[in-house]
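Since the structure comes first, as structure tokens, the remarks are kept for the end.
No lab work stands behind these numbers, since they all come straight from the coordinates. Predicted model only: the values in this text are computed from it and were never measured. Heads up, the Cβs are rebuilt from the backbone with ideal geometry, glycines too, and the neighbour counts pull from every protein chain shown.
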Amino acid sequence: MKKLALLTISLLLLSSIALAHEASIYYPVTTELHQKFWHLNQLRLYWTGDDYAVDLDLTPVVAGCALGVKAAWKSLNLFNSRISCLKSIDLVIGKIVYPFGDVSSLASKNIGILQPETFGSDLMVKLSGNICNTHKLIFYWADPGELTATGLTDAGMHLGFRAATTYIKGADIGASLRIPNAISDTYDALTDWGFDIGYTLKDMVKLDFQAYNLDDGDDNTDDLDLWFLATYVPGFNAPILNKVTPYGGYFSKNGMEEYNIIVGVNIQPREDAFIKLEYNIDSLDKTDLGFTNCSDALALQVGFTF
């Protein structure tokens, strides 16, 4: 299996002309002394096109763990029209990131260091429709199975739906529904839902909001969490640093029982590099060591794309 993974990576590298990869590291400035060193944040290799994507996560490989395959899919166009309101229908097959919410797992795509929950990927079949170049409807069927000590077993099929629209000028609005174990002889069906909106106010402040409710099967616990982020879009120009973009946000977690408040700046000294300096106020005390769950922590992230 390791030889196959290495062969796959080698072939991809040899066959790639336009590279689309990234690496980032972070330094927890104000955490405990034995945690105060550069940490690998992310090492990703990805090749994307209009009708295909391969996204490999090498971060766990550095720690001696298995290679992570975030995505590997191919899109097939079933219908295309230049005249009718229904512009296109595409069938996508492979390992696909769940179309749930509107947050990337790539550090280069996110304004801040701390990000809300992302929802992973699985083997699935996805049907995507483009209506009037304004609305997008997605239906998908995922059948990931379940990894056990004896191998992969049938654990249940997941069904999902997402609708997104740009009908309101300056706004990106989406709603997601996912039913894990919708078809299963082993587990009860669950219901996850989410709502997200991004709106830029007078080309000055970009507001991003997301609410998601992830069903854990326990009626006695609250499954709802919220995420809000405000970004000053024009930013500031500074010598050497070039563009500096300030931002601030709030993240709830564990059913809104805990939270993070962040303020920071995103610096882009070059088109292929980014620096983030972020202060994170965590509702947890400093009993849990480490950057992501340490209260009142200042962190520095440096990354580049190539």
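Simple rule: put +1 on each Lys or Arg Cβ and -1 on each Asp or Glu Cβ in region 2-305, find the dipole, and look at 246, 177, 48; the Cα lying farthest toward the positive end is 48.
The trypsin sites (Lys or Arg not before Pro) of region 69-143 that meet both conditions, a loop assignment by DSSP and at most 12 other Cβ atoms within 10 Å of the site Cβ, are 82. Once backbone amide H atoms are built at 1.01 Å from N, residue 79 has 89 as its partners under 5 Å, excluding neighbours fewer than 5 places away on the same chain.
Phi-derived couplings, Karplus 6.51 cos²θ - 1.76 cosθ + 1.60 at θ = phi - 60°, listed residue by residue for region 98-112: 4, x, 9, x, 9, 10, 7, 8, 8, 4, 5, 8, 10, 5, x Hz, with x used for Gly and Pro.
When the C-alpha to C-alpha distance is required to be over 26 Å, the pairs from 95/169; 36/276; 126/202; 126/276 that qualify are 95/169; 126/202; 126/276.
Dipole orientation for region 2-305: of the candidates 160, 284, 60, 60 has the Cα lying most toward the positive pole (charges on Cβ; Lys, Arg +1; Asp, Glu -1). For residue 77 and residue 242, a Förster radius of 35 Å and the Cβ-Cβ distance give a FRET efficiency of 0.35, rounded to the nearest 0.05. Here the label points at residue 272 and residue 205, each 7 Å from Cα along the C-beta direction, are separated by 3.7 nm in the simple model.
Can you give the FRET efficiency to the nearest 0.05 for residue 184 and residue 284, using r as the Cβ-Cβ distance and R₀ = 41 Å?
On the way: r = 35 Å, r/R0 = 0.85.
So, using R0 = 41 Å, E works out to roughly 0.75.
Approximating the spin labels as points 7 Å out from Cα along Cα→Cβ, the residue 123-to-residue 141 distance works out to 1.5 nm.
Each residue of region 164-170 is assigned a 3J(HN,Hα), and the resulting list reads 9, 8, 10, 4, 7, 4, x Hz, derived from the Karplus form 6.51 cos²θ - 1.76 cosθ + 1.60 (θ = phi - 60°), x at Gly and Pro. Let me make sure I get this right: for region 2-305, a, b and c are the square roots of the gyration tensor eigenvalues over alpha carbons, sorted descending. Under 1.5 in a/c it's rounded, otherwise prolate if a/b > b/c, else oblate. Which is it? Because its axes are fairly even, with a/c under 1.5, region 2-305 counts as rounded. Taking amide H as placed 1.01 Å from N in the peptide plane, residue 183 has its amide H under 5 Å from the amide H of 157, each at least 5 places away in sequence or on another chain. Ordering 52, 46, 140 from the fewest to the most neighbouring beta carbons within 10 Å gives 52, 46, 140.
Can you give the FRET efficiency for residue 37 and residue 228, using 1/(1 + (r/R0)^6), R0 = 22 Å, r = Cβ-Cβ distance, to the nearest 0.05? Let's see the in-between values first.
Values: r = 32 Å, r/R0 = 1.44.
For R0 = 22 Å, the calculated efficiency reads 0.10.
Could you please rank 90, 203, 143, placing first whichever residue has the fewest other Cβ atoms within 10 Å of its Cβ? Don't skip to the answer; put the middle values down first.
Values: 90 18, 203 9, 143 15.
Ordered by Cβ neighbours within 10 Å, fewest first: 203, 143, 90.
Under a 5 Å amide H cut-off, with hydrogens placed 1.01 Å from N, residue 115 pairs with nothing among residues at least 5 apart or on other chains.
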